[in-house]
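A quick write-up on the structure given underneath.
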């Protein structure tokens, strides 16, 4: 009984205290079957350098269904449970909530009693998701003070275009669906990522596209016609009310990953934009609040790389260049380094964002890439490029996988993207070096996507108190 009334030791009031936590020993990685010929799975990866199985799969939990398309997933609880608004002070970071972006099915996976051999605790079928929320295509999972927040990419109807996409809530103890989160959504229709500043009581969300614009691959006519998402939305978190939209300009297509500063006294954050249709560059934007209003500035650009058309897939041959395709960004817990995954050019960039309005390139590694096709330093081939990125709490290690989305993988990488996971070491003053020992091979039958680290990571937790 006393054990259940203690605060989970993996919850930390501030980012600085979280950085002092013990290092991760296990990583959980979402695996998807690109052709849906087998069920998706959750891999348990050994990330303990002292282990004889370092860099290998300890266990694979196969799901009971096919065609889910695992994408982003998250914990049932995290440091946000320490918020004064929370009624769940004694939760444990125990369950992983894994949505199927194609099926709209959600799995709840229990990591106890043995974290290396998780089990399925509950399956929420798509009919229940749609009936109770009016949404489909669940995408991003965040643990928050009210429960588990899940963003969606689709509305109602078979193709997910009947009504806007949005966010819904799961009870973080029973995993029952509570319903839509929004009360006053304003003009928001498209959705992708979301995150917040808990003490300042606001949320930020971004846009990708409608299900017909991504489920069967990128639609070139829609991209060149600037019909994907290109706006940021700002919300009153507690009132669940939309308060402001900032349009980045229609040429800035696919405004995806949002990463707010971890220290809640810092009212800014970052956004990655996949491509500018006028010049194929990718861009990083810094959003901030000043005098009660939100603003945004483009603060870094990454140009395309010229390439021999013979090396390019049909989608890009006419351009004679490879766009960087910024598909993920992640921010270290000390808010110092922003990592930018350039899935097209095969580069992971590290920016020093001590000044969030003047990112400075501090490190870079190349691996894979549409035209470069750079092997790992140990000589092994690497399909795809750096994609879903996760940083250790202490900021010393950066893990990433190589699959974006099954239908998009084959458009940009026709030779295939066999699932891989690798890791970089971070220098004390910046700089990146790929670990030659750590290459996880999930095989040609799986794509590898989101990574979660045991005990939490830099895109899991939101903090309630400033760092001292």
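Free of Cβ contacts under 8 Å to residues at least 60 places away in the same chain, touching a strand residue (DSSP E or B) at 6+ places or on another chain (Cβ under 8 Å), surrounded by fewer than 24 Cβ atoms within 10 Å (Cβ to Cβ) and in a loop (DSSP other than H, G, I, E, B) - does that describe any residue in region 445-468?
Start the filter on region 445-468 by keeping residues that are free of Cβ contacts under 8 Å to residues at least 60 places away in the same chain, which leaves none.
No, region 445-468 contains no residue that is free of Cβ contacts under 8 Å to residues at least 60 places away in the same chain, touching a strand residue (DSSP E or B) at 6+ places or on another chain (Cβ under 8 Å), surrounded by fewer than 24 Cβ atoms within 10 Å (Cβ to Cβ) and in a loop (DSSP other than H, G, I, E, B).
Can you tell which of 82, 32, 61 is modelled with pLDDT of 95 or more and out of contact with any helix residue (DSSP H, G or I) (no Cβ under 8 Å at 6 or more places or on another chain)?
Being modelled with pLDDT of 95 or more and out of contact with any helix residue (DSSP H, G or I) (no Cβ under 8 Å at 6 or more places or on another chain) holds for just one of 82, 32, 61, which is 61.
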For the list (1) within 20 Å of the chain's Cα centre (by Cα); (2) in a loop (DSSP other than H, G, I, E, B); (3) within 26 Å of residue 197 (Cα to Cα), I need the number of the one condition that residue 68 fails. (3)
When residue 319 is run through (1) in contact with a helix residue (DSSP H, G or I) (Cβ under 7 Å, 6 or more places away or on another chain); (2) farther than 27 Å from residue 396 by Cβ; (3) part of a loop (DSSP other than H, G, I, E, B), the failure sits at (1)
Options 323, 313, 303; residue that is buried (at least 19 other Cβ atoms within 10 Å of the Cβ) and touching a residue at least 24 places away in the same chain (Cβ under 8 Å): 323
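Could you please let me know if residue 258 is surrounded by 19 or more Cβ atoms within 10 Å (Cβ to Cβ), over 30 Å from residue 18 (Cα atoms) and in contact (Cβ under 8 Å) with a residue 24 or more places away in the chain? Quick ask: steps written out before the conclusion?
Values: surrounded by 19 or more Cβ atoms within 10 Å (Cβ to Cβ): yes; over 30 Å from residue 18 (Cα atoms): no; in contact (Cβ under 8 Å) with a residue 24 or more places away in the chain: yes.
Taking the combined requirement at face value, the residue does not satisfy it.
What are the residues in region 280-293 that are in contact with a strand residue (DSSP E or B) (Cβ under 9 Å, 6 or more places away or on another chain) and at negative phi, if any? Explain how you work it out, then say what you get.
Restricting attention to region 280-293, the residues satisfying the condition of being in contact with a strand residue (DSSP E or B) (Cβ under 9 Å, 6 or more places away or on another chain) are 280-289, 293.
Across region 280-293, the qualifying residues are 281, 282, 283, 284, 285, 286, 287, 288, 289, 293.
Given the condition part of a loop (DSSP other than H, G, I, E, B), in contact with a helix residue (DSSP H, G or I) (Cβ under 9 Å, 6 or more places away or on another chain) and at pLDDT 95 or above, answer yes or no: does some residue in region 104-118 qualify? Outline the logic, then answer.
Residues of region 104-118 part of a loop (DSSP other than H, G, I, E, B): 104-105, 111-118.
Now narrow it down to the ones that are in contact with a helix residue (DSSP H, G or I) (Cβ under 9 Å, 6 or more places away or on another chain): 104-105.
Those still in the list that are at pLDDT 95 or above too: 104-105.
Among the residues of region 104-118, at least one is part of a loop (DSSP other than H, G, I, E, B), in contact with a helix residue (DSSP H, G or I) (Cβ under 9 Å, 6 or more places away or on another chain) and at pLDDT 95 or above, which makes the answer yes.
Among the residues of region 328-347, write down those that are part of a strand (DSSP E or B) and either touching a helix residue (DSSP H, G or I) at 6+ places or on another chain (Cβ under 9 Å) or closer than 22 Å to residue 266 by Cα (or both).
Looking only at region 328-347, we keep the residues that are part of a strand (DSSP E or B), and these are 328-331, 337-342, 347.
Hits for region 328-347 are 328, 329, 330, 331, 337, 338, 339, 340.
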Would you mind finding the one in 429, 435 that is surrounded by fewer than 24 Cβ atoms within 10 Å (Cβ to Cβ), under 21 Å from residue 366 (Cα atoms) and out of contact with any strand residue (DSSP E or B) (no Cβ under 6 Å at 6 or more places or on another chain)? 429
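Let's see how each residue does on (1) under 21 Å from residue 462 (Cα atoms); (2) in contact with a strand residue (DSSP E or B) (Cβ under 6 Å, 6 or more places away or on another chain):
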| position | (1), (2) |
| --- | --- |
| 171 | yes, yes |
| 184 | no, yes |
| 213 | no, no |
| 217 | no, no |
| 230 | no, yes |
| 239 | yes, no |
| 242 | yes, yes |
Do any residues in region 329-357 that are over 12 Å from residue 384 (Cβ atoms) have Cβ atoms under 8 Å from those of residues that are at pLDDT below 95 and in a loop (DSSP other than H, G, I, E, B), where the two are at least six apart or on different chains, and which pairs are they? 334/467
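The values are calculated or read from the model by the stated rules, or taken from the named source; none is laboratory data. If you're wondering where the values come from, they're calculated on a predicted model, not measured in any experiment. In this analysis, Cβ positions are derived from the backbone assuming ideal geometry, glycine residues included, and neighbour counts consider all displayed protein chains.
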